[in-house]
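Have a look at the structure below, then the notes.
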């Protein structure tokens, strides 16, 4: 009977991120957030060695950019070197943050190929890798982060909108991927390892981290009977895009929280047992550093200081990265004791305090703009402007400008830049 192959699938380590949320550890001289990332990665490697697994798949984005400081590179390498010492084959896929902005290829990961680290494969091209493991052979198709320059030439993209370029990229990718699929050995398991944005994905923090030079792949390209498992990277929120599991299409998510947009997301990796035509998987949580947001509107409180301290006391802040956001009026400033607030936050791993002054101008209550109303945007704006005596003189101009924005074509919102002599369009990033 054929044995199942055990795989550990992790992604989006981003080692070296979030230093602003940490502090210098006086014993090591390192930022405590770097130590957090090393700790969670170490637990992944521990699991791989102790189980042991037959193969480790890394879905891309080792660092925040392609040229991390040497000590961050070393911290990453020390952990992955343990896999080489344990003779566990490992595939390191190139993600968008691993690519140098001035060229193709995974600048931050290519050293592992250059040094010929035993058992390590750097996936920087669309290619099928046949890998011998302790429990049999498996084939892994690597699909790294693709930019338009990977598959398209300048004349092909000139003058096209973002949507048209996306469609053209998909048409170019389909035959390339199909060529790999046709060469597969149908007697052994197959995994597609891709760093990409799938159209069904629920975005995590990657929307804040990535410059939009990639494109979205339809999930239909991934739901193929030839694939036993689809291992993804890029989106930081763990999810299975194909609940019927034929095949499972899995983002493990990032292993540590990189910022407050990931505050409520569970972090971890995926453990897989795979044989030809059969696969089981489970998400394995990691004890990532908690993030905690405390928001207080103390502007209407008689004792704003007490309101802020009470809000802090209600939260579990010990060893967490905390941000305190409180609203007060300018005349309440003298009632705030910053020393006492800092004392209340001292059990946190780190904290930031962000006071917000509420405008002195009385804001009119407009029931027309309340919850449950269905005014169109122009009517809503008109209702608001009518209530503002200080804006009545410029009301016609504001309404005209708003209508112009609503009528404009979506593509006019896309910025353009000159990149190597050709126009390219950038995706507008969604703010926090």
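The values are calculated or read from the model by the stated rules, or taken from the named source; none is laboratory data. For clarity, every value in this text was computed on a predicted model and none was experimentally measured. Heads up, the Cβs are rebuilt from the backbone with ideal geometry, glycines too, and the neighbour counts pull from every protein chain shown.
The table for this structure:
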| item | result |
| --- | --- |
| Candidate set: segment 257-266, residues that are in a loop (DSSP other than H, G, I, E, B) and in contact with a strand residue (DSSP E or B) (Cβ under 7 Å, 6 or more places away or on another chain); chosen: the one nearest to residue 322 (Cα to Cα) | 263 |
| So residue 244, is it part of a loop (DSSP other than H, G, I, E, B), more than 24 Å from the chain's Cα centre (by Cα) and assigned by TED's automatic domain parsing to the domain that holds residue 141 | yes |
| Filter result for the condition that a residue is modelled with pLDDT of 95 or more and in contact with a helix residue (DSSP H, G or I) (Cβ under 7 Å, 6 or more places away or on another chain), over 351, 326 | 326 |
| Matching residues in segment 1-42 - criterion: being within 19 Å of the chain's Cα centre (by Cα) and under 21 Å from residue 284 (Cα atoms) | 9, 10, 11, 12, 13, 14, 15, 36, 37, 38, 40, 41 |
| Condition met for residue 165 (assigned by TED's automatic domain parsing to the domain that holds residue 95, touching a helix residue (DSSP H, G or I) at 6+ places or on another chain (Cβ under 7 Å), under 28 Å from residue 74 (Cα atoms) and at pLDDT below 95) | no |
| Residues being buried (at least 23 other Cβ atoms within 10 Å of the Cβ), touching a helix residue (DSSP H, G or I) at 6+ places or on another chain (Cβ under 9 Å) and under 22 Å from residue 4 (Cα atoms) - total across segment 232-289 | 2 |
| Number of positions in segment 45-60 that are within 21 Å of residue 136 (Cβ to Cβ) and in contact with a helix residue (DSSP H, G or I) (Cβ under 7 Å, 6 or more places away or on another chain) | 3 |
| Residue within segment 292-308 that is touching a helix residue (DSSP H, G or I) at 6+ places or on another chain (Cβ under 7 Å), free of Cβ contacts under 8 Å to residues at least 60 places away in the same chain, assigned to a strand (DSSP E or B) and buried (at least 18 other Cβ atoms within 10 Å of the Cβ) present | yes |
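Quick grid of which residues meet (1) modelled with pLDDT of 90 or more; (2) within 18 Å of residue 221 (Cα to Cα):
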residue: 156; (1), (2): no, no
residue: 159; (1), (2): no, no
residue: 170; (1), (2): no, yes
residue: 180; (1), (2): yes, yes
residue: 184; (1), (2): yes, yes
residue: 193; (1), (2): yes, yes
residue: 196; (1), (2): yes, yes
residue: 208; (1), (2): no, no
